[in-house]
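Let me begin by presenting the structure, written as structure tokens, before commenting on it.
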Amino acid sequence: MRGSSVDWLAAFLAAVALAAVPWLFANNYIVGVMTVALCFGIWAASWDFMSGLTGRENFGHSLFIGVGAYTAGFLNVNYGLSPWWSLVAAPGTAVLFSLIMGFPTLRLKGPYFALAMLSGAAVMQNLTIIFSVYTGGQDGLNGLDPILDSPLAYYYLTLLLMLAAVVILKLLANSSWGTILRAIRGDEASCQAAGINVTFYKIAALMISAAFAGLGGALYAHYQLQVGPDLFAIVLSINIIVMVYVGGLGSIYGPVGGAILLNVLTESLRAVSEYRLWVYTLILIFILFFMPQGLIAPLWRRVRGLLQ
Amino acid sequence: MTPLLRVEGLSKRFGGLHAVKNISFALDPGSVTGLLGPNGAGKTTVFNLLTGFLSFDTGSVEFDGRPLAGLPPHRIVNRGLARTFQLARPFQGMTVLENVEVACLAPRVNREGRPRQRARVLLDQVGLGNKADTVVDVLPYGDLRRLEIARALATRPRLLLLDEPFAGLGTSEIQPLADLISVLHQREGLAILIIEHKLRELMRLVRAVIAMDFGEVVAVGEPAMIVRHPRVVEAYIGKAELGQGDTDIARDPLGAA
């Protein structure tokens with residue numbers, strides 16, 4: 001079988017498996033956990049597109065997530081717009097913020113971009129508390145409408161959008177765009193010597209990354225029916241980065257697997273209550289120590305090698 | 001003939017160090033010129049100034065009749081002035097083919113057929129065709145040099161700046177690369193400016209030499225004349241306080257004859 005058809009077949013089977021989850025476990029709790037896991041999948045894949053491909057680590061992906069979620073909150077709660085608008089507006093505002101963050105920092109070499117993203121997210125988290133008149137402060141905005149009323153329908157909407165996001169990001173990563181982004185990771189000066197406008201590609205990659213992060217933020221907000229300052233939290237950004245590394249950096253689909261795996265793991269460890277963080281951390285250390293290339297993507301590459 | 005590249009009064013300071021002092025020279029289309037000088041003479045700085053990797057303090061650079069001042073490196077490459085680096089800088093983690101493909105995606109050339117196919121043709125041209133799918137991380141140094149040249153050629157330059165293309169290569173690797181450079185010059189009419197310390201090979205390739213020392217141009221001329229030029233001899237060997245027995249060195253100081 002040709003390489004690409006094996007990939008498409010595997011992607012199709014994975015999509016079918018995810019679509020079958022609500023039928024295998026007819027349980028609203030599990031469907032809810034999986035809906036959140038899929039949101040994390042969008043966030044991890046979008047982080048990977050910018051940072052996994054170009055090697056410019058973004059330590060504040062939660063900035064785009066929070067901006068997307070709050071956009072959804074403002075439009076829906078404060079202005080009473082239909083929640084469907086959020087799916088358009090949230091990516092829009094996230095892209096706006098990516099330009100504000102990317103323009104000054106991605107032209108520079110060194111750690112400025114990573115640091116600016118880290119502090120940008122922290123600043124936004126504090127702004128939501130300072131401007132509590134509009135944002136609800138620590139309580140956040142409550143009473144968002146769900147985009148679709150039934151949890152099952154919401155799960156399928158999230159699944160559909162996540163699959164679309166992954167397919168778009170993967171096709172871009174496999175195109176000449178992806179080749180250029182990986183070359184930027186390899187050597188920025190050589191890229192310029194090859195006639196490539198490095199700054200343009202980095203900013204464009206960040207815009208695309210932010211758009212999908214914002215979309216995921218809106219989906220998450222209308223699922224939780226609430227948005228709060230924690231959506232900007234640094235720990236959320238770090239969790240996403242961990243998911244990407246567990247899944248396999250730069251593969252786009254791997255991070256989605258990592259996100260689902262770690263979300264399901266967190267939930268299933270509720271049984272061991274107080275030892276939960278212990279066990280979770282040990283498993284993480286084990287994975288990252290023995291499989292520094294990640295779990296999902298290298299595993300699939302091996303299976304793929306056997307199939308061909 | 002109007003020159004392809006005209007450099008006038010080019011200067012660059014790094015703090016207290018005057019790295020390039022008031023340099024002027026011109027290169028004709030299709031010419032092959034050597035840039036000679038001891039370590040620290042400012043040769044690589046000149047390359048970095050011409051290609052936009054450094055900005056110059058004063059002076060002017062005109063390429064193809066248009067000024068280059070203030071342009072970022074990628075814009076200069078897309079005008080047709082490409083370079084290689086002293087230490088090969090491949091895109092780690094990518095294959096040989098992908099490395100060249102990136103340069104085929106530059107705006108200057110991305111409409112000339114399919115980038116991947118062009119990259120294959122270029123690899124054949126530099127003799128790396130059979131290594132297209134090798135990941136560059138495991139490539140020997142000689143092949144990395146060829147890769148650098150293929151990547152620069154991919155942007156279809158009119159002037160190519162080669163920064164020590166023979167550095168770190170064994171004698172058996174130098175001749176094929178030198179042949180490749182003269183073929184490129186003859187077949188494509190490509191103008192080349194080349195920094196090199198291996199004088200024997202350099203003198204065979206070039207028609208003219210620009211000699212630098214302490215950031216200044218100390219001599220310009222034909223290779224045979226340059227190696228006997230007192231300022232060049234002084235730069236390489238030191239001031240002549242030569243006794244009678246040292247006249248051999250004085251007559252053929254660089255062993256180039």
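Derivation of every value follows stated rules applied to the coordinates shown; laboratory data play no part. In this text the structure is predicted, and so the values were computed from the model without any measurement. Quick reminder, even Gly has a Cβ in these numbers, built from the backbone with ideal geometry, and neighbours come from all protein chains shown.
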Within a 10 angstrom radius of the beta carbon, how do A:ASP139, B:ASP28, A:ASP48 rank from fewest other beta carbons to most? A:ASP139, B:ASP28, A:ASP48
Once you order the gyration tensor axes a ≥ b ≥ c over the Cα atoms, which shape class does the range A:179-308 get: rounded for a/c under 1.5, otherwise prolate or oblate by comparing a/b with b/c? oblate
If you fit an axis through the alpha-carbon atoms of helix B:171-188 and take the longest principal axis of the Cα set of chain B, what angle between them do you get, 0 to 90°, nearest 10? 70 degrees
Considering the Cα positions of chain A, please state its Rg to one decimal place and its Dmax as a whole number of Å. 19.1, 60
Where the eigenvalues come from the Cα gyration tensor of chain B, what are the semi-axes √(5λ) of the equivalent ellipsoid, largest first, in whole Å? 32, 22, 16
Give me the base-10 log of I(q)/I(0) for the range B:32-109 at each q in 0.11, 0.14, 0.28 Å⁻¹, Debye formula, one uniform scatterer per Cα, rounded to two decimals. -0.36, -0.58, -1.37
Report the local net charge at B:GLU164: Lys and Arg +1, Asp and Glu -1, summed over other residues whose C-beta lies under 10 Å from its C-beta. +1
Run the simple label-point estimate for A:LEU81 and A:ALA114 please: 7 Å along Cα→C-beta, distance reported in nm. 3.6 nm
List every DSSP H helix in chain A whose Cα atoms extend 24 Å or more along the helix's own long axis and whose mean Kyte-Doolittle hydropathy is at least -1.0. A:3-24, A:28-47, A:86-105, A:112-130, A:151-174, A:198-224
Per-residue average of Cβ from other chains inside 10 Å of A:256-265: 0
Report the relative contact order of chain B, percent, no decimals, based on alpha-carbon pairs under 8 angstrom and at least 6 residues apart. 24 percent
Relative contact order of chain A, defined on C-alpha pairs under 8 angstrom at six or more residues apart (%): 33 percent
Can you tell me the orientation of helix B:141-154 relative to chain B, as the angle in degrees between its alpha-carbon axis and the longest Cα principal axis, to the nearest 10? 70 degrees
Round to a whole angstrom and tell me the spacing of the C-alpha centers of the range B:10-75 and the range A:152-171. 52 Å
Give the Cα extents of the range A:1-83 along the principal axes, in whole Å, largest first. 53, 41, 20
Is it possible to state the helix-based mean residue ellipticity at 222 nm for the protein assembly as shown, with each DSSP H run of 4+ residues giving -39500 (n - 2.57), the sum divided by total residues, to the nearest 500 deg cm²/dmol? What is it? -17500 deg cm²/dmol
Radius of gyration and maximum dimension Dmax of the range A:50-97, Cα, Å: 12.8, 40
Local net charge near A:PHE113, Cβ-Cβ under 9 Å (Lys/Arg +1, Asp/Glu -1): +1
What fraction of the DSSP beta bridges in the range B:5-251 is antiparallel, stated in percent and rounded to the nearest 5? 55 percent
Tell me, B:ARG146, A:ARG302, B:ARG151, B:ARG158 in order of fewest to most beta-carbon neighbours within 10 Å? A:ARG302, B:ARG158, B:ARG146, B:ARG151
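Please report the orientation-averaged projected area of the range B:152-203, defined via the convex hull of its C-alpha atoms, in nm². Intermediate results must be reported in sequence, preceding the final value.
Values: hull surface 14.3 nm².
Mean orientational projected area (the range B:152-203, Cα hull): 3.6 nm².
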One point scatterer per Cα, no solvent, Debye formula: log10 I(q)/I(0) for the range B:1-152 at q = 0.13, 0.15 Å⁻¹ comes out as -0.70, -0.89
Could you list A:HIS222, B:HIS229, B:HIS74 so that the one with the fewest beta carbons within 10 Å of its beta carbon is first and the one with the most is last? B:HIS229, B:HIS74, A:HIS222
Is the C-alpha gyration tensor of the range A:102-199 telling us rounded, prolate or oblate? Criteria: a/c under 1.5 is rounded; beyond that, a/b larger than b/c is prolate, otherwise oblate. oblate
With the Cα gyration tensor of the protein assembly as shown in hand, convert its eigenvalues to equivalent ellipsoid semi-axes via √(5λ) and list them largest first in whole Å. 57, 25, 20
Is the shape of the range B:112-159 rounded, prolate or oblate, going by the alpha carbon gyration tensor and its root eigenvalues a ≥ b ≥ c, with a/c under 1.5 for rounded and a/b larger than b/c for prolate? oblate
Partner chain coverage, peptide B:44-54 - average Cβ within 10 angstrom: 1
So, over other residues within a Cβ distance under 14 Å of B:VAL32, counting Lys, Arg +1 and Asp, Glu -1, the net charge is -2
Run the quick spin-label model on B:LEU17 and A:ALA122: label points 7 Å from Cα toward the beta carbon, then report their separation in nm to one decimal. 3.6 nm
Would you mind estimating how fast the range A:10-156 diffuses translationally, via Stokes-Einstein at 25 °C and 0.890 mPa s with the Kirkwood radius over Cα pairs, in µm²/s? 142 µm²/s
